Amino acid sequence: MKAALQTGIFSLTLFGVPTAAGAVEIYATTDSPPPVVIVRPVTVWTPPIWSPPHLVPVLPPPTDPVPPLEPPTHPQPEERRDPRASVFVGAGYGGMSSARGTAGTWRLHLGLGLGATEIGLRADVANRAMDQLSDHAGTAWRVGAEVAHRFLEGATVRPVIAGSFDRWQFEPDGAPSAGAFGAGARLGVEVHYHVGSGAALVFGADAGYHRILASIDQADVAKDIFTFGATLDLRL
């Protein structure tokens, strides 16, 4: 009887019963009085089952979304900077005016631009119109060594202010030529039309005041002379 019960226990073991916690062992006693079935629990060790740790990502606190920038209603044109060094070459037409009259003049311009500042020469030639400036007929001309400054660098329309040291030359009819020195100031405005990288056509209009500081022996010339006119320059 005990052998049969032990065989049954072995069979249960094969079917996995002892592998679980709380399995039991059953056997019968052989002593008298009649046999008694004793059930005794058997503790079976089961290896722990490992599971990977559960990682919880830490997210930054939510922030308010930044609204996208709206494009401007009127887009601004790209600013075009002038080269730091440039050359001005141009010509134009204008006039000289004094208390005795007004004479037409041809204008010539040659300058070296250094950013917004220019150092150059400007000439006004009154051909056969000296009688409008003095008591003699003949030719008069002026060459001014000038320093000019342009405001609003990069803009299309720019105000200009300039000062000059003038050399006057008079060629009266029937009398020796005479020269004089003076000083002047000029105000104007220019329109810059870009035609390429660093190149532009510059249309300018201005008015100036000139004072003759040295006396002239061979001609009676007005001391205060106003100039005005327009010039078209090529800036390279």
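The values are calculated or read from the model by the stated rules, or taken from the named source; none is laboratory data. The model shown is predicted, which means the values in this text are computed figures rather than measured ones. Backbone-built Cβ (ideal geometry, glycine too); neighbour counts: all protein chains shown.
Key figures
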item: Residue check for L152: surrounded by fewer than 16 Cβ atoms within 10 Å (Cβ to Cβ), touching a Gly at 6+ places or on another chain (Cβ under 9 Å) and either charged (D, E, K, R) or more than 16 Å from S97 (Cα to Cα) (or both); result: no
item: Of residues in the range 84-102 being closer than 20 Å to G154 by Cβ and surrounded by 13 or more Cβ atoms within 10 Å (Cβ to Cβ), the one modelled with the lowest pLDDT; result: S86
item: Residue under evaluation L152, criteria (1) of a type outside the set (S, T, Y); (2) over 22 Å from G104 (Cα atoms); (3) assigned to a strand (DSSP E or B), criterion not met; result: (3)
item: Sole residue being under 24 Å from G115 (Cα atoms), loosely packed, with under 15 Cβ neighbours inside 10 Å and among the small types (G, A, S), chosen from A199, A162; result: A199
item: Exclusive hit being among the aromatic types (F, W, Y) and within 20 Å of G90 (Cα to Cα), set F170, F181, F228; result: F228
item: Some residue of the range 103-118 being over 35 Å from the mean Cα position of the chain (by Cα), in contact (Cβ under 8 Å) with a residue 40 or more places away in the chain and either surrounded by 15 or more Cβ atoms within 10 Å (Cβ to Cβ) or not in a strand (DSSP E or B) (or both); result: yes
item: Residue check for G154: under 23 Å from R235 (Cβ atoms), assigned by TED's automatic domain parsing to the domain that holds Y209, touching a His at 6+ places or on another chain (Cβ under 7 Å) and of a type outside the set (A, V, I, L, M); result: no
item: Number of positions in the range 154-181 that are in contact with a Phe, Trp or Tyr (Cβ under 9 Å, 6 or more places away or on another chain) and acidic (D, E); result: 2
item: Which listed residue, of G174, G204, G198, is assigned to a loop (DSSP other than H, G, I, E, B) and under 31 Å from the mean Cα position of the chain (by Cα); result: G198
item: Of all residues in the range 188-236 being within 24 Å of R100 (Cβ to Cβ) and among the polar types (S, T, N, Q), the one that is modelled with the lowest pLDDT; result: Q218
item: Hey, G188 surrounded by fewer than 17 Cβ atoms within 10 Å (Cβ to Cβ) and small (G, A, S) or not; result: no
